Amino acid sequence: MKRILITGGAGFIGSHLCERLLAEGNDIICLDNFFTGSKDNIRHLIGNDHFELVRHDVTKEYFAEVDEIYNLACPASPPHYQYNAIKTIKTSILGMINMLGLAKRCKATILQASTSEVYGDPNVHPQTEEYWGNVNPIGIRSCYDEGKRCAETLMMDYHRQNGVDTRIIRIFNTYGPNMDQNDGRVVSNFIVQALQNKDITIYGDGSQTRSFCYVSDLVEGMVRMMNNKQGFIGPVNLGNPSERTILDFAKLIIELTNSNSKIIHMPLPKDDPTQRKPDITLAKKELNWEPTVDIKDGLLKTIEYFEKKIKENK
Ligand code: NAD
Ligand code: UDP
């Protein structure tokens, strides 16, 4: 049994990770400030002797004895991370320093949830880990992108300078149950709009692309990365290489929900990346990992989740 700290554990991805690692017989500390996460996501785990829920902000020091740290604390949706941009940078940077300090003291292995956003609006397609990215350092997405880039730098410097056992994953757009229905990301927006027969809001002409990965595939990759003993510290891309335009994605959601929604176009937010697709050659080689869940199967499970949530809200 390992003692595992999961920051951002009450969020979308963190809640799935808590469930998985608890089921494998570990002791879990789920730490969250509940900015974008919710107790609803982990309510079924509360009361389990091996699950501890801690309300704490990673920008402040935290002391515990742990073997592993998964650092997920950070809002992930653009409206949420832009809501208080300075807080977002503090979360990525001070949070990373605090968690690396904890890892150093405990000799714990630490995994950082980095992002495809470190590639910015990429000129290399699909994106490989060697690509250094095309990031605007002063734009409205920079609080997130540059915060995550600096967090990667901190991981590498604590590794080189202090011998901390680090793992960096770069997560590409991930979806599934436990996403917040109001978080503003494309998957939750389109599904909730379609289920309510409201207009589907495409930003721009919808020709921009994304590649969507189902959450169970991602969690499998995260756990493999943490457990790999080959000395492979990353960064490694974790995502589903099946790429589609946002317009095609909207049509797919309308089809799967049998919706009467119309598609409307709204202004494209500044610095919105035009294309994004992971090259996962490295993850296949080092982790023997690749996604297995088909987009339609994953979306049907997600639609079922949002249907239930919408009913409960009424
Ligand atoms: P989420 O917003 O659902 O989860 C983030 C969690 O972190 C929330 O529970 C939130 O309350 C918590 N949090 C935020 N600031 C905190 C702070 N200062 N102290 C403590 N807790 C704090 O987002 P998610 O989609 O589950 O993303 C989890 C991680 O994965 C994030 O670090 C995100 O950047 C990264 N990521 C996600 C995606 C994706 O597609 N979902 C893609 C790339 C990277
Ligand atoms: N998007 C959209 N309509 C929405 C929400 C998002 O067209 O209601 C677009 C957004 O402009 C972007 C893509 O969908 O091009 C993915 O957006 P999301 O916020 O989910 O993630 P990210 O841009 O961080 O990949």
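The values are calculated or read from the model by the stated rules, or taken from the named source; none is laboratory data. Note that this is a predicted model, so its numbers are computed, not measured. Using ideal geometry, Cβ is built from the backbone for each residue, glycine included, and neighbour counts are taken over all protein chains shown. Heavy atoms of the whole protein, side chains included, go into the accessibility calculation; ligands, DNA and RNA do not. Shrake-Rupley method; radii C 1.70, N 1.55, O 1.52, S 1.80 Å.
So here's what we get for this one:
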| read-out | value |
| --- | --- |
| Hey, residue 134 more than 15 Å from ligand 2 (Cβ to nearest atom) and open to solvent by 20 Å² or more (accessible area, probe 1.4 Å) or not | no |
| Complete set of residues in the stretch 266-302 that are under 19 Å from the mean Cα position of the chain (by Cα) and within 16 Å of ligand 2 (Cβ to nearest atom) | 272, 273, 275, 276, 277, 278, 295, 298, 299, 302 |
| Conditions (1) more than 8 Å from ligand 2 (Cβ to nearest atom); (2) among the charged types (D, E, K, R); (3) open to solvent by 20 Å² or more (accessible area, probe 1.4 Å); number of the one not met by residue 217 | (3) |
| Complete set of residues in the stretch 107-130 that are away from ligand 2 (no atom under 12 Å from the Cβ), out of contact with any Pro (no Cβ under 8 Å at 6 or more places or on another chain) and not aliphatic (A, V, I, L, M) | 107, 109, 112, 123, 125, 128, 130 |
| Subset of the stretch 179-195 (residues that are near ligand 2 (Cβ under 9 Å from one of its atoms) and in contact (Cβ under 8 Å) with a residue 60 or more places away in the chain) | 183, 184, 185, 186, 187, 188, 190, 193 |
| Single match in 207, 188 (criterion: polar (S, T, N, Q) and assigned to a loop (DSSP other than H, G, I, E, B)) | 207 |
| Hey, residue 36 within 16 Å of ligand 2 (Cβ to nearest atom) and closer than 20 Å to residue 174 by Cβ or not | yes |
| Test: residue in the stretch 197-204 that is in a loop (DSSP other than H, G, I, E, B) and buried (at least 22 other Cβ atoms within 10 Å of the Cβ) | no |
| Exclusive hit being within 16 Å of ligand 1 (Cβ to nearest atom), among the aliphatic types (A, V, I, L, M) and at pLDDT 95 or above, set 282, 299 | 299 |
| So residue 182, is it modelled with pLDDT under 95, surrounded by fewer than 23 Cβ atoms within 10 Å (Cβ to Cβ) and under 23 Å from residue 271 (Cβ atoms) | yes |
| Residue count, the stretch 234-268 (criterion: touching a helix residue (DSSP H, G or I) at 6+ places or on another chain (Cβ under 8 Å) and at pLDDT 95 or above) | 19 |
| Output for the stretch 141-177, where each listed residue is assigned to a loop (DSSP other than H, G, I, E, B) and surrounded by 15 or more Cβ atoms within 10 Å (Cβ to Cβ) | 141, 164, 165, 172, 173, 176, 177 |
| Complete set of residues in the stretch 74-106 that are within 26 Å of residue 186 (Cα to Cα) and away from ligand 2 (no atom under 14 Å from the Cβ) | 84, 85, 86, 87, 89, 90, 91, 92 |
| Selection count where residues are touching a residue at least 40 places away in the same chain (Cβ under 8 Å), open to solvent by 20 Å² or more (accessible area, probe 1.4 Å) and not polar (S, T, N, Q), scope the stretch 220-233 | 4 |
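Per-residue answers, yes or no, for (1) more than 14 Å from ligand 1 (Cβ to nearest atom); (2) in contact with a strand residue (DSSP E or B) (Cβ under 7 Å, 6 or more places away or on another chain); (3) within 16 Å of residue 226 (Cβ to Cβ):
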position	(1), (2), (3)
23	yes, no, yes
26	yes, yes, yes
35	no, no, no
42	no, yes, no
